Amino acid sequence: MDDLFKSTTSRRAFLRGSAAAVAGSVAGAAAANEPDPLITELQDWASYTGAGVDETPYGLPISFESHVVRRNVEWLTASPISSINFTPIHALDGTITPQGCAFERHHSGAIELRKEDYRLMINGLVDTPLVFTYDDIERFPRENHVYFCECAANTGMEWAGAQLNGVQFTHGMIHNMEYTGVPLRTLLREAGADVTPDKWVYVEGADASSNGRSIPMEKALDDVLVAFKANGEALRMEHGYPVRLVVPGWEGNMWVKWLRRIEVVDRAVESREETSKYTDVYEDGTARKWTWVMDAKSVITSPSPQMPIKHGTGQLVISGLAWSGHGQITRVDVSKDGGITWETARLGKQGDTKALTRFYLDTLWDGVPMLLQARAMDETGYVQPTKEQLRQQRGENAVYHNNCIQTWYVSAEGIAENVEVS
């Protein structure tokens, strides 16, 4: 109740302060009495005709936004062929990620595969092994869902301390798109698959790495999609065109691209990507295995190292993203003092479960340095942990599944930096 009262009180104060600031700025502009040439003079863009409707058959971002692109970290991997780049989440708002900005992760490079050459085989413990063409898959009843896809290694560099100075690099192995596809259970039933609870499906991609993962039958029958569209259009090459798997709430490595085979098996295959990779090694050398679900997590995207405060003191919108593989986000708190005190943020429009949620804290900034943090809670009651709490459970050998609270130090000049508080 105290927190609610504090939030309500600060909100009222913010509204009063905003009204006064607006009144003051309007009065100041009138008092200056200096004409703005951008208003009073005819500008070039209003002096001649612009681009025609057929100038760009497929629309592209305007040149002024050319900095909003995926970026990689060259020293992170030996080659860009088996590597990753990062979504510019600092420069986006809302929740939907444009396909052209959505991060890429490849094990042997992105491949070009024509729809006409596409085949999907279902075999193993089935009544009738089947091979589907792309056209076959499009004939089945389809669904549309918005889901986040997060690489298990997202924020992985931060286990040992503050490393990469930019939210794009600390948290940018994530995207959130509307996928169109056929439920996997539909195709399994078409083949007469053995869907008893103790069975698994092994899914495999068509690229040179033959990336494959085992999925428990319970999940396969739940919400897994065989997807062929994203954000209303065909998948991009780097996102698995023409067909990929969508495994809501679970680590991105299981979202197999260029899906070529689904085998029903009686036990997990124990492939490379689920034994030597995508497991978390404890201090004693044992591995934490089958850690599929991405736990509740959040991060402030603005202000952040790539999004400094440029307007000085006064009204400030603190914004960020929250997500959980267990379901919907129910609350996000924001701290300006490194976790000593917290304010409850305003959540944006809620979409599908297991999708990104945008949050905002509308506040006033007086120029005092801040230690900004966000803390997410999901519908199961799970609360996002601190980095220290995670280390106490898992040590510092881990690479994957780091969902710790992130801290940005914001200086009096509005510059943000990646730091760690204890």
Residue-wise HN-Hα coupling along the stretch 128-142, computed from phi with Karplus coefficients 6.51, -1.76, 1.60 (Hz; x: Gly, Pro): 9, x, 10, 10, 9, 8, 4, 4, 4, 5, 5, 7, 7, x, 10
Violating pairs (Cα-Cα greater than 24 angstrom) within the set Lys257/Lys354; Lys115/Lys219; Lys310/Lys354; Lys199/Lys289: Lys115/Lys219; Lys310/Lys354
Val131 accessible area, 1.4 Å probe, all protein chains in place, Å² to nearest 10: 90 Å²
Compactness of the chain as Cα Rg over 2.2 N^0.38 Å, two decimals: 1.10
Protection-proxy order for peptides 300-310, 197-207, 388-398, each taking the mean of Cβ atoms within 10 Å per residue, highest first: 300-310, 197-207, 388-398
From phi via Karplus (6.51, -1.76, 1.60), per-residue ³J(HN,Hα) for the stretch 192-204 in Hz, x at Gly/Pro: x, 5, 6, 10, 5, x, 7, 8, 10, 10, 10, 10, 9
Mean-position separation - Cα centroids, the stretch 374-397 and the stretch 218-232, in angstrom: 28 Å
Globularity ratio of the stretch 187-230, using Cα Rg and 2.2 N^0.38 Å: 1.27
Once the Cα gyration tensor of the stretch 237-316 is diagonalised, semi-axes √(5λ) in Å: 37, 21, 10
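How many times 2.2 N^0.38 Å is the alpha carbon radius of gyration of the stretch 304-422? The partial results should precede the final answer.
Details: Rg = 14.9 Å, N = 119, 2.2 N^0.38 = 13.5 Å.
It is 1.10.
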For the stretch 30-69 versus the stretch 312-362, the gap between their alpha-carbon centres in whole angstrom: 33 Å
For the stretch 376-421, size of Cβ-based charge dipole, Lys and Arg +1, Asp and Glu -1, in debye: 200 debye
Amide H contacts under 5 Å for Val399, placed H, 5+ residues apart: Val281
Dipole in debye (nearest 20) - the chain, about Cα centre, beta carbon charges: Lys, Arg +1; Asp, Glu -1: 500 debye
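May I ask you to order 400-406, 412-418 by the average number of other C-beta atoms within 10 Å around their residues, highest value first?
Taking the mean over residues of other Cβ atoms within 10 Å, the ranking is 400-406, 412-418.
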In sequence order, calculated HN-Hα J values of the stretch 338-343 (Karplus, 6.51, -1.76, 1.60; Hz; x Gly/Pro): x, x, 6, 10, 9, 10
Charge dipole (debye, nearest 20) of the stretch 214-291; +1 at Cβ of Lys and Arg, -1 at Cβ of Asp and Glu: 400 debye
Amide H within-cut-off set for Leu221, under 5 Å, with H built and near neighbours excluded: none
Charge dipole of the stretch 39-87 about the Cα centre (unit charges at C-beta), most positive-ward option of Val68, Phe86, Trp45: Phe86
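The values are calculated or read from the model by the stated rules, or taken from the named source; none is laboratory data. For clarity, every value in this text was computed on a predicted model and none was experimentally measured. Don't worry about glycine lacking a Cβ; one is built from the backbone with ideal geometry, like all the others, and counts go over all protein chains shown. Keep in mind that these areas ignore ligands, DNA and RNA; they rest on the heavy atoms of the full protein, side chains included. Shrake-Rupley method; radii C 1.70, N 1.55, O 1.52, S 1.80 Å.
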